[in-house]
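The values are calculated or read from the model by the stated rules, or taken from the named source; none is laboratory data. What you are looking at is a predicted structure, and each value in this text was computed from that prediction instead of being measured. Because the Cβ atoms are built from the backbone with ideal geometry, glycine has one as well, and the counts that use them run over all protein chains shown.
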Amino acid sequence: MKARFTDMAQRAIDIGVSATALVVTAPVMAGVAAAVAANLGRPVLFRQQRPGLHGRPFTLVKFRTMRDVDERRGLVTDADRLTGLGRALRSTSLDELPTLWNVLRGDMSLVGPRPLLMQYLDLYSPDQARRHLVRPGVTGLAQVSGRNLLDWEERLALDVWYVDHRSLALNAKICLRTVLTLFRREGISAPGEATMPLFTGSPRAVAEADGDA
């Protein structure tokens, strides 16, 4: 009952905050869009299918931060494709501004587990898959607890802990910590990575799968 009230109240907050923020940040987004168009060309937006509430896919929208894959030019890995502008946008999270539209639509919430890749759905352990019992968030507990410095087990464990303990007070605390994290610009990339290494499955889930074979 408490979780249901939290989710309903958070949805109302999401609508009000995202609608207001889209209007307030419109000049900033116009400037970022112009910079991306000049640096990377068009389209200026990155669109990708991500799993949302209960794993249902939706189209995530962000500003582009990487060049297209081009093997002839050596643009293959994230490190190769990430531009200086892209790094600046990621470090300040300005690339995330268009996701406010996803929040307004109901695809996402302001706070929740980050929406990861569709290909990960079959790799989660049953417990890890519970991260999809809530809407994915623009920010979340894992993002303010180390961001990409966390390994996958730590990150997914925090996502599930959030699902079990979510409340409006916790969401407010995460939002406050998000502001501090942005100012410190910590955890933007995992060690030795431009962003984060791919998730290849939980050791526990792999062990369980091997046991069923």
Q: Quickly run through the range 1-50 and pick out the residues that are exposed (fewer than 11 other Cβ atoms within 10 Å of the Cβ) and within 20 Å of the chain's Cα centre (by Cα).
A: none
Q.
One residue is enough: does the range 167-176 have a residue meeting the conditions buried (at least 17 other Cβ atoms within 10 Å of the Cβ), in contact with a Cys (Cβ under 9 Å, 6 or more places away or on another chain) and at pLDDT 80 or above?
A. no
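Just name the residue that is surrounded by the most Cβ atoms within 10 Å (Cβ to Cβ) out of those in the range 96-130 that are among the charged types (D, E, K, R) and over 17 Å from residue 198 (Cβ atoms).
The first filter runs over the range 96-130 and keeps only residues among the charged types (D, E, K, R), leaving 96, 105, 107, 114, 122, 127, 130.
Going one step further and asking which of them are over 17 Å from residue 198 (Cβ atoms), we end up with 96, 105, 107, 127, 130.
Working: 96: 17, 105: 14, 107: 21, 127: 13, 130: 16.
So, considering only residues that are among the charged types (D, E, K, R) and over 17 Å from residue 198 (Cβ atoms), the one surrounded by the most Cβ atoms within 10 Å (Cβ to Cβ) is 107.
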